[in-house]
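Undergrad: One structure, as structure tokens, below. Some questions next.
The values are calculated or read from the model by the stated rules, or taken from the named source; none is laboratory data. Source: prediction; values computed, not measured. When we count neighbours, we look across all protein chains shown, and the Cβ atoms used for this are built from the backbone with ideal geometry, even at glycine. To get the accessible areas, we keep the full protein, side chains included, count just its heavy atoms, and leave off ligands, DNA and RNA. Shrake-Rupley method; radii C 1.70, N 1.55, O 1.52, S 1.80 Å.
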Amino acid sequence: MSESRRPRGIDPRGPRFAASVTAVLLAIAVVLSLTGTATAAPLPALADRVSDPAFLLVAVIALLFLWSVLSPRTAPWGVVYRRLVQPRLKPPTELEDPRPPRFAQGVGLFVTAVGLVLHVAGVPWALPVAAAMAFVAAFLNAAFGLCLGCQLYLLLQRAGLLGRRRPASV
């Protein structure tokens with residue numbers, strides 16, 4: 001991509017704010033899933049599994065991830081950050097490429113969706129494990145600025161699998 005076609009940069013504190021809120025929601029989901037139907041043996045009927053509060057919360061989180069992938073400018077945590085938090089902060093010293101954080105939201109969507117599907121399919125512990133994995137990633141981003149999904153994006157980009165146009169075949 002040429003410099004003129006590159007996406008505009010974003011305030012790197014925005015994704016960290018979103019990761020903070022997401023980490024709190026995922027921590028609650030992990031606790032709920034450890035005390036709900038996801039760890040029961042044998043797993044209860046499908047209707048009980050899909051009405052479990054942990055399942056519902058992880059489904060909402062997955063929908064929020066989806067929203068962030070499809071329309072990052074209108075995603076709730078981004079809007080809250082831009083309207084309520086960012087005006088109270090100094091301008092960022094540098095901006096970051098929006099593609100890695102957006103990809104990271106897709107990774108979060110994938111992890112939570114796999115947990116939801118496996119839970120519905122009756123796989124024990126799938127929901128708490130998926131929620132815990134997503135929590136660890138969100139917590140690392142919120143607390144330390146280490147975005148695992150962003151690092152994966154950069155690794156795939158270096159391998160030539162994402163983000164760069166390949167030269168036309170001769």
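Undergrad: Could you tell me which of the residues R102, R73, R83, R49 is open to solvent by 40 Å² or more (accessible area, probe 1.4 Å), among the charged types (D, E, K, R) and over 15 Å from P12 (Cα atoms)?
TA: Values: R102 fails: over 15 Å from P12 (Cα atoms); R73 fails: over 15 Å from P12 (Cα atoms); R49 fails: open to solvent by 40 Å² or more (accessible area, probe 1.4 Å).
Checking each option against the conditions leaves just R83.
Undergrad: Here's a check for you: in segment 147-159, which residue that is of a type in the set (A, V, I, L, M) and surrounded by 13 or more Cβ atoms within 10 Å (Cβ to Cβ) is farthest from A27 (Cα to Cα)? Talk me through it step by step, then tell me what you get.
TA: First, pick out the residues of segment 147-159 that are of a type in the set (A, V, I, L, M): 148, 152, 154-156, 159.
Among the residues that remain, those that are also surrounded by 13 or more Cβ atoms within 10 Å (Cβ to Cβ) are: 148, 152, 154, 156.
Details: L148: 18, L152: 23, L154: 27, L156: 29 Å.
Result: L156.
Undergrad: Test of understanding: among A113, A59, which residue is open to solvent by less than 40 Å² (accessible area, probe 1.4 Å), touching a Leu at 6+ places or on another chain (Cβ under 8 Å) and assigned to a helix (DSSP H, G or I)? I'd like the intermediate steps shown before the answer.
TA: Numbers: A113 fails: touching a Leu at 6+ places or on another chain (Cβ under 8 Å).
Among A113, A59, only A59 is open to solvent by less than 40 Å² (accessible area, probe 1.4 Å), touching a Leu at 6+ places or on another chain (Cβ under 8 Å) and assigned to a helix (DSSP H, G or I).
Undergrad: While we're looking at this one, here's another question. Keeping to segment 9-53, report how many residues are over 22 Å from S71 (Cβ atoms) and more than 17 Å from the chain's Cα centre (by Cα).
TA: Going through segment 9-53 one residue at a time, the tally reaches 23.
Undergrad: Suppose we keep only residues that are outside any helix (DSSP H, G or I) and closer than 12 Å to L127 by Cβ within segment 15-41. Which one would you say is modelled with the lowest pLDDT?
TA: Initially, segment 15-41 is screened for residues outside any helix (DSSP H, G or I), giving 36, 40-41.
Add one more test, that the residue is closer than 12 Å to L127 by Cβ, and what stays is 36, 40.
Working: G36: 88, A40: 85.
Taking the candidates together, the pick is A40.
Undergrad: Among (1) surrounded by 19 or more Cβ atoms within 10 Å (Cβ to Cβ); (2) small (G, A, S); (3) over 18 Å from S20 (Cα atoms), where does A137 come up short?
TA: Of everything listed in (1) surrounded by 19 or more Cβ atoms within 10 Å (Cβ to Cβ); (2) small (G, A, S); (3) over 18 Å from S20 (Cα atoms), A137 misses just condition (3).
Undergrad: Just a yes or no: is a residue in segment 111-134 closer than 28 Å to R13 by Cα, at pLDDT 95 or above and out of contact with any helix residue (DSSP H, G or I) (no Cβ under 8 Å at 6 or more places or on another chain)?
TA: Looking for residues that are closer than 28 Å to R13 by Cα, at pLDDT 95 or above and out of contact with any helix residue (DSSP H, G or I) (no Cβ under 8 Å at 6 or more places or on another chain), one finds none in segment 111-134, hence no.
Undergrad: Checking P44 against (1) outside any helix (DSSP H, G or I); (2) of a type outside the set (A, V, I, L, M); (3) touching a residue at least 40 places away in the same chain (Cβ under 8 Å): exactly one of these is not met. Which one?
TA: Of (1) outside any helix (DSSP H, G or I); (2) of a type outside the set (A, V, I, L, M); (3) touching a residue at least 40 places away in the same chain (Cβ under 8 Å), only one is false for P44: (3).
Undergrad: What is the one condition in (1) hydrophobic (A, V, I, L, M, F, W, C); (2) more than 20 Å from A137 (Cβ to Cβ); (3) free of Cβ contacts under 8 Å to residues at least 12 places away in the same chain that V85 does not satisfy?
TA: (3)
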